[in-house]
Amino acid sequence: MAKEPKPISFPEGFFLILICLLADLFELLGGFLSASVILAPVGIFLGFMVDWIAWPIVQLALYFKNAKGFLYLAGSLIELIPIVDVLPIRTASILIVIYLANHPKTAALAGAKKPSSIISPAKRFNSSDS
């Protein structure tokens with residue numbers, strides 16, 4: 001029985017988790033800056049900029065890997081709430097997405113579709129049915 005290749009390999013998952021960890025660390029720094037009255041606008045601005053830079057990079061990578069990025073999208077939307085964004089929700093959501101993408105049996109128990117059953121963007125646009 002041959003092993004099926006995982007949709008998100010170890011190096012890809014490592015870099016996605018690293019991006020999310022760094023984004024959460026910068027948001028934590030922004031949260032500490034927001035505690036000061038003088039530096040509060042800088043901290044809030046830093047938090048929103050981190051959200052708007054990290055989210056499309058990771059979401060696009062998940063789209064190209066045909067992974068279900070809805071959980072990551074939900075985690076990123078929660079990160080937009082000003083006080084809650086200090087928590088590492090983005091990192092937890094990317095860990096869940098990577099685990100569910102690489103373990104289709106667990107994803108089936110959770111009610112998600114298997115990533116290979118989703119039509120890839122290349123097949124969608126290059127179909128010869130028309």
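Quick note: the coordinates plus some simple rules give every number you see, no bench work behind them. Predicted model only: the values in this text are computed from it and were never measured.
Take every Cα-Cα distance within the range 10-121, group them into 5 Å bins from 0 onward, and report for each bin the whole-number percent of pairs it holds.
2, 13, 22, 21, 16, 11, 8, 4, 3, 1, 0
Under the Karplus relation 6.51 cos²θ - 1.76 cosθ + 1.60, θ = phi - 60°, what is the ordered set of whole-Hz ³J(HN,Hα) values for the range 74-79, x standing for Gly and Pro?
Computed from phi, the couplings for the range 74-79 are 5, x, 5, 5, 5, 5 Hz.
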